Amino acid sequence: MRAPNPWPVAVLASGRGSNLQALHQASLHGGLPIRIVGVFSDKSDSGAIAYAQRHGIPHRAFAAKAYPSRDAFDQAMMTALAEVRPELIICAGYMRIISDAGIALAPCPMINIHPSLLPLYPGLHTHARAIAECREEHGASVHLVNNILDGGRVLSQAKVPVVAGDSPERLAERVLSREYPLLIETVRSIISGRIMLNNAQQAQVLYLHDDNSRLD
Ligand code: GRF
């Protein structure tokens, strides 16, 4: 993959946008060589859009009800997304399922951060499910997006312990604090070529250590 410096990335987000914020702050102060060229959302009142607004990052929100179908929605969003010319799309808390048509129109590789140790717990309520099944460990994964929900190749993971008496909320907080460095270090590894997105042979999952610093 070509390596422009800084690497233009687009972020898709539906919610509070703390992963977006972590990426953006890492690009400003943490030596992460990216430029966020656009934030796209299905929620105009999301924290992610508000963050982009406050920081002068180009942003656009699309209202599902303005489109006759999921394909039409995704087509509109991918068209707008292609206009900002990203080299990488990062889904950071984007809660809407992207249709096959939308995925096919993506102008560059797309990754997603998901709060579980995939292939465990694709979909929603991952923290509650991990607790209900008495898991000793939970965590987060970054994976390639394909047309299977949370089913693309896993690129990296960070683990956290599940502790006695954990609530889904407490566990989610613990996982979230590891999501930020995981996403940042994964993007750094993609840019440096350590993680190759178009090399299906590279099946090894990279793990983020507890010191937040390295993937191996
Ligand atoms: C994160 O836990 C992410 O893994 C999941 O949704 C949450 C988004 O949080 N997909 P935020 O909007 O980045 O704060």
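The values are calculated or read from the model by the stated rules, or taken from the named source; none is laboratory data. For clarity, every value in this text was computed on a predicted model and none was experimentally measured. Virtual Cβ from ideal backbone geometry, glycine too; neighbours counted across all protein chains shown. These accessible areas exclude ligands, DNA and RNA; they are computed on the full protein's heavy atoms, side chains included. Shrake-Rupley method; radii C 1.70, N 1.55, O 1.52, S 1.80 Å.
This table checks each residue for (1) within 30 Å of S177 (Cα to Cα); (2) away from the ligand (no atom under 16 Å from the Cβ).
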{"position": "K65", "(1), (2)": "no, yes"}
{"position": "D71", "(1), (2)": "no, yes"}
{"position": "Q75", "(1), (2)": "no, yes"}
{"position": "V84", "(1), (2)": "yes, yes"}
{"position": "I113", "(1), (2)": "yes, no"}
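The sole residue among L176, L171, L182 that is at pLDDT 95 or above, more than 13 Å from the chain's Cα centre (by Cα), assigned to a helix (DSSP H, G or I) and among the hydrophobic types (A, V, I, L, M, F, W, C) is L171.
Just to be sure, is T186 of a type in the set (S, T, N, Q), open to solvent by less than 20 Å² (accessible area, probe 1.4 Å), touching a residue at least 60 places away in the same chain (Cβ under 8 Å) and within 13 Å of the ligand (Cβ to nearest atom)?
Against the criterion (of a type in the set (S, T, N, Q), open to solvent by less than 20 Å² (accessible area, probe 1.4 Å), touching a residue at least 60 places away in the same chain (Cβ under 8 Å) and within 13 Å of the ligand (Cβ to nearest atom)), T186 qualifies.
Could you go through region 147-157 and let me know if any residue there is over 24 Å from V11 (Cα atoms) and basic (K, R). No, region 147-157 has no match at all.
Residues in region 128-164 that are within 14 Å of the ligand (Cβ to nearest atom), open to solvent by 20 Å² or more (accessible area, probe 1.4 Å) and under 22 Å from I90 (Cα atoms): V145, L149, D150, V154.
Among the conditions (1) over 13 Å from the mean Cα position of the chain (by Cα); (2) part of a strand (DSSP E or B), Y121 misses just one, which is (2). Please determine whether any residue of region 133-142 is of a type in the set (V, I, T), free of Cβ contacts under 8 Å to residues at least 40 places away in the same chain and closer than 28 Å to N199 by Cβ. For region 133-142, residues of a type in the set (V, I, T), free of Cβ contacts under 8 Å to residues at least 40 places away in the same chain and closer than 28 Å to N199 by Cβ: absent.
Out of A80, A48, A106, one residue alone is of a type in the set (A, V, I, L, M), open to solvent by less than 20 Å² (accessible area, probe 1.4 Å) and under 16 Å from the mean Cα position of the chain (by Cα). It is A48.
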